Amino acid sequence: MFEFSKKHKLCSQKSINRMFENGNIITEPPFRAVWIVESNDDEVYVKTLINVSKKQFKFAKDRNLIKRRIREVYRLNNKNLENHLKSRELSINLAILYKQDKILESSFMKKKINLLLSRLIKNL
């Protein structure tokens, strides 16, 4: 049903570099999304990378907490994006970057990620 398994994660260094060099950007503070339309070999429409800066959060426990919250909110709300991509027969690589210097509540993150995903759907 809802999952965020290894095949949904963007791990290829070549794909990540290509995405950051040639990708499109949407900013919805405190998040920035970078994406590029790219063909994926497996049956996954969105491969996702979640990043929290080590400069802003020195402790790994804080970075991991933020990444867990983002991953859970994204996992529960990405069905509209996947359905849109499935209908247009596209696949994308997506990076979600956290650009805030403090830890925010999950409910606020949920609103912002929903806005970010809806703006992404409009731009595709």
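The values are calculated or read from the model by the stated rules, or taken from the named source; none is laboratory data. Model, not experiment: these values are computed from the prediction. Every residue, glycine as well, gets a Cβ built from its backbone with ideal geometry; the counts of neighbours run over all protein chains shown. The area values use the complete protein model at the heavy-atom level, side chains included, leaving out ligands, DNA and RNA. Shrake-Rupley method; radii C 1.70, N 1.55, O 1.52, S 1.80 Å.
Where the alpha-carbon atoms of the chain are placed on the principal axes, they occupy 39, 29, 26 Å, in descending order. Put a plus charge on the Cβ of each Lys and Arg, a minus charge on the Cβ of each Asp and Glu, and nothing anywhere else: the dipole of the range 16-124 about its Cα centre is then about 640 debye. Between residue 80 and residue 27, the modelled labels are 2.3 nm apart [label points 7 Å from Cα along Cα→Cβ]. Within the same chain, aspartates and glutamates fewer than 8 places from residue 99 are excluded, and of the rest, those with a Cα less than 12 Å from its Cα are 28.
Sorting the segments 4-10, 78-84 by their residues' average number of neighbouring beta-carbon atoms within 10 angstrom, most packed first, yields 78-84, 4-10. Of the beta bridges in the chain, as assigned by DSSP with both residues counted there, near 60 percent are antiparallel.
Karplus-derived 3J(HN,Hα) values for the range 109-122, using 6.51 cos²θ - 1.76 cosθ + 1.60 with θ = phi - 60°, are 4, 4, 4, 5, 5, 4, 4, 4, 5, 5, 5, 5, 4, 5 Hz; glycine and proline are entered as x.
Counting only residues at least eight positions apart within a chain, or on another chain, the aspartates and glutamates with an alpha carbon under 15 Å from that of residue 102 are 62.
Can you tell me what percent of all Cα-Cα pairs in the range 8-57 are more than 18 Å apart?
Tail of P(r) above 18 Å: 35 percent of Cα pairs.
For the chain, the solvent-accessible area with a 1.4 angstrom probe is 60 square angstrom per residue. Calculated from the alpha-carbon coordinates, the range 62-124 shows an Rg and a Dmax of 12.5, 38 Å respectively. Surface composition of the chain: carbon and sulfur atoms hold 47% of the protein heavy-atom accessible area at a 1.4 Å probe.
Checking the Cα-Cα distances for 47/112; 61/86; 55/112; 9/55; 54/111 against a 26 Å cut-off, the pairs over it are 61/86. Placing R0 at 22 angstrom, the Cβ-Cβ distance between residue 64 and residue 106 gives a FRET efficiency of 0.95 after rounding to 0.05.
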